Amino acid sequence: MKAAPFEYSRAADIDEACALLAADESTRVVAGGQTLVPMMAMRLARPTRLIDINRIAALSYIRDDGETIAIGATTRQCVVERDPLVARKVPLLARAIPWIGHAATRARGTIGGSLANADPAAELPLLAITLDAVLNYRVDGQTAEMPARDFFIGPMITTLPTGACLTGVRFPVWRGAKVGVGFHEVNARRSDFAFVSAAAQVELGDDGECKRIAIAIGAAVDFPMRLDSAEQQLQGGALADAAVQAAVTDALADIDPLADLHASAEYRRRVAINLAARAVADARSQAQGSKNHAH
Amino acid sequence: MSENPDHFRFVSTDRRVREDRRFVVGKGNFVADIDVANTRHVALVTCPYPAAAIKSIDKSAALAMPGVHYVLDGRELAEATLPLMTGLDTPNVPRRPLALDVARYAGEWVAAVVADTRALAEDAAETVKVVYEKLPFVLDAEQALQAGSVLVHEAHGSNVLLDKTFVWGAVDKDFADSPRHLSLRVKWGRSSTVPIETFGVVASWDPWREILDVWASIQMPRYADQIGIALKIPVSSVRVHYDVDVGGSYGVKRGIKHTVLVGYLTRRLGFPVRLIEDRLENMRGGDAHGPERLFNVDVAFDDSGVIRSMKMRALENVGAYAGRSPFQLGKPVGAIVGPYKIQSVQYRAMAVVTNKTTQEAVRGFGQSPTNVAIERTIDEVAHTLGLDPIEVRRRNMIRHEEFPYTIPSGTTYDSGDYHTVIDKVLAHTSYEDLKKERDRLRSAGKLAGIGIAACLEPSGGNAMFEALINPKITTTTFMDSCRITVDGLGSITATMHTTSSGQGHETLVSTVIGEVLQVNPDSIRVTRPDSLNSLPSGTPVGSRMAIMLGGAAFHAANKLKTKLTAIATHDLGIPLERAIYANGEVYDRNAPQDRRTWADLVQIAHRNFHRMPSDMEPGLAVSHVMQVPTGGKLPTADGRVQMYPCTSFEFHLILVTIDPDLGTPEIVCYRIGHDCGTVINPKIVRGMTMGGIAHGIGAALYEEFAYDGEGQLMAQSFMDYLLPSSHEVPPVEIIHHVTPSPNTVLGQKGSGESGYLGAPAAVANAINDALRPLGISTNTLPIKVSVLGDMIAAARANKGH
Amino acid sequence: MRIELNVNGAVHELEVEPRTTLLDCLRDQLALTGAHAGCEHGVCGACTVLFDGVAVRACLMFAVQAQGTPITTIEGVTPGPGELSPIQDAFCETHGMQCGYCTPAMILVAHALLANNPDPTREDIVEAISGNICRCTGYAQIVEAFALAAERLRGANRPSELRK
């Protein structure tokens, strides 16, 4: 399983990378390589040129921008996993990242790589959708941004323009005093891609009612899906189990889940409902118990 | 551990495994590590369809690429070589390394490209243009049996390779006379051992010496023979290097088609040729899949749960071709009733071809699937009667005092104490407490079940299933051997004559010889000569090496001890009865100061011929070639035969929970009682059992070579073929017992398959116990999360949950 | 392409194709055959090396990407000819292997874990090795090797009479 031949360049900065990308359609960037390199080994991906962006220091950062936490595209997943700022301000990320692959793949895999790859079962796209993250990219010498909702449109398909390269992602920070998170995924073995996953973040008001809620599911359909109708239904309420179950069931009634070697469509639908409810319950409990943000 | 630790000095003691030293520093000698000058590399062109006629192969683009030396196709290879050896008498189902005219499974090898590097060979393989004409195909074994089915091999006239029924005892009468009957259908999904190292081989032909050197990651009886036969060269022109370390095999590394391929290429092209399968080649076309077996079991029993008679039909989906694999239906005959006193048995063994990857021998050689069928059945018998499953097993089990015990199919089990092993496990872990824990989990909302399996590990590897299944085969031996020399300065060197894949055979040999000669095993060198310098060996199959290699080493050491004693008594001028051999010295019982030391004896044997007894060869070289204990007889006309000489025993007791919403199973308690007779090296045996259990958990829950409706293998890589990681294997406690075998030199039995033989059955029984309150069951392995989840949801919907 | 690789403390100048993985480069060009190819698609972990002390899959990196970062292989943690490190010796003591194919990778994972976590729990060890598949041992004796190595390394600086 040796990759097909390719040329290799190291980009010194993002514009050099974009220029190389624009010059040839079958050029790709490589960051962590944890997904791209196996595809190349199996000759399913055959770029004629790889642009290595690992050394562009400006793409590796974790910053507190006030309203958001900004993470550079080539920041390693393991760095985000351990970062205390992220744990405080975007606890859902800290909760979910340990579920990505294995320690050895998180050591190299990047935040941007996983987002750009857009695997329907991947954790980071799910979190980006749940939290309404904004993705930044560079193309033709210009920086642009795109909300996560507009970014993931199919299995491994994004609206990233040709010749563009992701530069970073901003995760909004929920500032309330009682914020909690929940994350669940189910798979055959612990570190596999999920059959179904669910993420939730809840902010409770002083009266214990739900002030704000975000729920999304992953791996069930072609891209991560926010449960907008469930959120609307549950907002302002007490998030009782029955209400959550009903809201989530309604929201998922009409989806057309994926069926494959690992799980049937019915399994995905049913378990999506179950995991979404569990994620909300976890988030609610944590919000009730917390004075500040979650650990 | 030995029940009599004082009895042995080295055997059964906690010794390190000497092979570990080279592995921990990365200095194993794996085939891909071997660097032979001028080697070129092979990559395969494979058929994308499950069945297709090969109309043409255009090699021109490949041959034009720099660094590419050759493109070999099936026609050229078929004209120069004989088909690969098959076990059954099926001349119209030939098997070849490269497809000839017709490819019969997706992934079958159609052409081989030889280039300066593996990467270049892969580049070139992509440019080879094969024109195929798609043909109809069949994937399901029951469909392949039907009249009018697509034929995988037209000339054979049907898809049936084997259909043989054995009747041992008065089966019909026993069924008629029994008050109770039960039928069960059990499906063992296609899985295999899938070692982390793929198969690889390097072959180099020396035309002046007329020797074909072969280095391979091999575990195969008659490997050199099969190479010689296929390449039409004398076997004395084949030199297989047994000092290659094999990175795991557990049965499957037979690689004969790879070897014949590179063997032909090196002779044709004049330089060494190397084929190391990549993982894709291995999974689809390496011909290392394992059993895919459908059982129909019927039992006749009484109200106390004692099973009088059993009928079993085993239908095996062999894949597109068959080498030795149909014999995997025959080996379980040697333990067809498991540890139970079932009085009569009807067994129908059927093997069919389909358009799937070819199957190879897998750890246990069919015993583990058969154990699932037996153990699921006995659980269902217990449940039907409302009796405890352990109690029903006890009632059926052969008792300690009844050994040696001959089962209906003709094999005599050597020894065992099944009831004591069970007692010991339950003394270690209270069955009542386990049931309470199960009930507590159930009331907390989980599904929970206790799983039990009691199984035998036939060991000693006598291949009598060959003659049983194919009466044209008259082999009644499965040898092994050991040679010991003491050199002129007194060091001991022993030889063993096969490759190993982690079983610690060098440690085994040195320990046994050290025990007999009463010298430190660490001082004994163990080497592996090549096949031209070796005595016969049946290789590590059939859980045989402790018995056969251990036995050969034991006998050779005793020959040496006898010779040393004779030299000493002659030189001391004393009668033999007065000689005491101790720690490498011989002394006079009546006058202990009169002795000959090891150095003295070496001096006499190597240099002082005038002091030697008459008619004795000088030097200190002995060897022993061993026959299988209890072996030597062909099967009777009604298919009774002594299969393996020994039976080890294992009793699994586990607790499994299932999340009812997700269908995810978790093993929360694992106990195994294990009796393999005298344990030669405890670290090795423990490792085997732990590894076997992990392997069995994989087969029960995670691993499957699943095919889609188009004949494509869906699990082509490790992303879809799921191997258990450390998270999937629970902590296991092993409770040991020793019932020595009367048939072996130290009382040892085999343990190479331990854990694997019973774990799938235990997991299947545990999951069924967990599902029982919902009124559902499953008898299809692997038991997948999604399937469990859907079953549970449907059952709860029916019950109004 | 010409690259420089820092392997086991020595700098090597090499000519490689971009598509040559770090694994193949180590094995074929530097004769460091302790890292093994098990799947070449990043799942089995048999190719593990330490990249700036962190365990990574060498089959998922092209050699050209590895320039400038210190790489450690099993050969680099072996003290000297005929010698075993405490971790290697612990693996021998517990028989934390059988065929030896996954073993160099497991040992490097142990090095990386114990450098950061000198007193790992069983869960820590199980998690650390969960990215490395072993088909022989069922993991039990490997976990024991990690625990024994940790214990010996923790006690290594203290005179033996004072231990326990």
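Only the coordinates and a few stated rules stand behind these numbers; no lab work does. Just so it is clear, the model here is predicted, and its values are computed rather than measured. All Cβ positions, glycine included, derive from the backbone under ideal geometry; neighbour counts span all protein chains shown.
By the equivalent-ellipsoid construction on the alpha carbon gyration tensor, the range B:217-373 comes out with semi-axes of 39, 15, 13 Å, ordered largest to smallest.
For the range B:51-130, the calculated P(r), taken from all Cα-Cα distances in 5 Å bins from zero up to the bin holding the longest distance, is 3, 15, 23, 21, 18, 11, 5, 3, 1 percent. Here the extension length gained between B:S183 and B:D423 equals 83.4 nm, from 0.36 nm per residue of separation less the Cα-Cα distance. Across peptide B:713-725, the mean count of Cβ atoms from other chains lying within 10 Å of each residue's own Cβ comes to 6.
Taking 0.36 nm per residue of separation and subtracting the Cα-Cα distance, full extension of the segment from A:R43 to A:S26 would add 4.8 nm.
Is the range B:297-441 best put as rounded, prolate or oblate by its Cα gyration tensor, with a ≥ b ≥ c the root eigenvalues, rounded for a/c under 1.5, and otherwise prolate when a/b is larger than b/c, oblate when not? Judged from the Cα gyration tensor, the range B:297-441 comes out prolate (a/c at least 1.5, a/b above b/c). Taken over the C-alpha atoms, chain A has Rg and Dmax values of 19.2, 63 angstrom.
Shown here is the pair-distance distribution of the range C:86-162: with all Cα-Cα distances grouped in 5 Å bins from zero up to the longest one, the shares run 3, 17, 31, 25, 13, 6, 3, 1 percent. What FRET efficiency, computed as 1/(1 + (r/R0)^6) with R0 = 30 Å and r the Cβ-Cβ distance, is obtained for C:V11 and A:E145, rounded to the nearest 0.05? With R0 = 30 Å, the Cβ-Cβ based efficiency is 0.10. Seen from B:E76, the other residues with C-beta closer than 13 Å to its C-beta sum to a net charge of +2, counting Lys and Arg as +1 and Asp and Glu as -1. Assuming R0 = 45 Å, what is the FRET efficiency of B:N92 and B:A794, from their Cβ-Cβ distance, to the nearest 0.05? The formula returns an efficiency of 0.50 here.
I want to make sure I understand the PRE zone here: with the label point 7 angstrom from the Cα of B:K559 toward its beta carbon, which residues in the range B:614-639 have backbone N atoms less than 11 Å away? Residues passing the 11 Å test: B:621-626.
Karplus-based coupling profile of the range B:663-679, in residue order and whole Hz: x, 8, x, 9, 8, 9, 8, 9, 10, 9, x, 9, 10, 10, x, 5, 8, with θ = phi - 60° in 6.51 cos²θ - 1.76 cosθ + 1.60 and x standing for Gly or Pro.
Here the residues B:E506, B:E197, A:E25, ranked from fewest to most Cβ neighbours within 10 Å of their Cβ, fall in the order A:E25, B:E506, B:E197. Over all distinct Cα-Cα pairs of the range B:599-686, the Kirkwood formula returns a hydrodynamic radius of 20.1 Å.
Of the peptides B:607-619, B:653-665, B:571-583, the order by per-residue mean of other Cβ atoms within 10 Å, starting with the highest, comes out as B:653-665, B:571-583, B:607-619. Applying the Karplus relation 6.51 cos²θ - 1.76 cosθ + 1.60 with θ = phi - 60° to the range C:116-124 yields 3J(HN,Hα) values of 9, 9, x, 10, x, 7, 4, 4, 4 Hz, where x marks Gly and Pro. Translational diffusion of chain B was estimated from the Stokes-Einstein equation, with Rh taken as the Kirkwood radius over Cα pairs; at 37 °C and 0.692 mPa s the coefficient is 118 µm²/s.
When B:V299, A:V29 are arranged by Cβ crowding within 10 Å, least crowded first, meaning fewest neighbours, the order is B:V299, A:V29. Working note: 222 nm ellipticity from helices only, DSSP H runs with n ≥ 4, each -39,500 (n - 2.57), summed and divided by the residues of chain B, gives -8500 deg cm²/dmol to the nearest 500.
Each pair of Cα atoms in the range A:1-136 enters the Kirkwood radius, and Stokes-Einstein at 25 °C and 0.890 mPa s then converts it into a translational diffusion coefficient of 157 µm²/s. Along the range B:278-285 the Karplus relation, 6.51 cos²θ - 1.76 cosθ + 1.60 evaluated at θ = phi - 60°, assigns HN-Hα couplings of 7, 5, 5, 4, 5, 5, 8, x Hz to successive residues, with x for each Gly and Pro. Between B:S491 and B:E617, the simple spin-label model (points 7 angstrom out along Cα→Cβ) gives 2.2 nm.
Kirkwood radius and radius of gyration were both taken over the C-alpha atoms of chain C, and their ratio Rg/Rh is 0.99. Where only DSSP H runs of four or more residues are counted, chain A gives -9500 deg cm²/dmol as its mean residue ellipticity at 222 nm, each run worth -39500 (n - 2.57).
Derived from the Cα gyration tensor, the three semi-axes of the equivalent ellipsoid of the range A:86-160 are 21, 14, 13 Å, largest first.
Shape of the range B:694-801 from the C-alpha gyration tensor: oblate (a/c of 1.5 or more and a/b not above b/c, with a ≥ b ≥ c the square roots of its eigenvalues). Stretched out straight at 0.36 nm per residue, the stretch from B:R399 to B:S443 would grow longer than its current Cα-Cα span by 12.0 nm.
With a simple spin-label model that places each label point 7 Å from the Cα along the Cα-to-Cβ direction, the separation between A:D132 and C:N117 comes to 3.7 nm. Within the same chain, aspartates and glutamates fewer than 8 places from B:K436 are excluded, and of the rest, those with a Cα less than 17 Å from its Cα are B:D388, B:D769. P(r) for the range C:2-76, from all Cα pairs and a bin width of 5 Å, is 3, 19, 33, 29, 14, 2 %, short bins first. With viscosity 0.890 mPa s and temperature 25 °C, the Kirkwood radius over alpha carbon pairs of the protein assembly as shown converts through Stokes-Einstein to a diffusion coefficient of 76 µm²/s. A simple packing score, the average count of other Cβ atoms within 10 Å per residue, orders the peptides B:13-26, B:216-229, A:149-162 as B:216-229, B:13-26, A:149-162, with the highest score first. Here the calculated FRET efficiency for B:R268 and B:R525, from their Cβ-Cβ distance with R0 = 56 Å, stands at 0.90, rounded to the nearest 0.05.
What residues of the range B:84-103 lie in the reach of a label at B:E133, counting those whose backbone N is under 20 Å from a point 7 Å from the Cα along Cα→Cβ? Residues B:99-103 fall inside that zone. Each residue, B:L532 and B:S304, gets one label point 7 Å from its Cα in the Cβ direction; the gap between the two is 6.6 nm. Computed packing ranks the peptides B:748-757, A:57-66 as B:748-757, A:57-66, most packed first, by mean other Cβ atoms within 10 Å.
Ordered by the count of other Cβ atoms within 10 Å of each Cβ, fewest first, C:T72, A:T48 give A:T48, C:T72. Taking a ≥ b ≥ c as the square roots of the eigenvalues of the alpha-carbon gyration tensor, the range A:179-289 is classed prolate because a/c is 1.5 or more and a/b outweighs b/c. Roughly how large, in nm² to one decimal, is the mean projection of the convex hull of the alpha-carbon atoms in the range B:610-753? Here the figure is 17.8 nm², rounded to one decimal.
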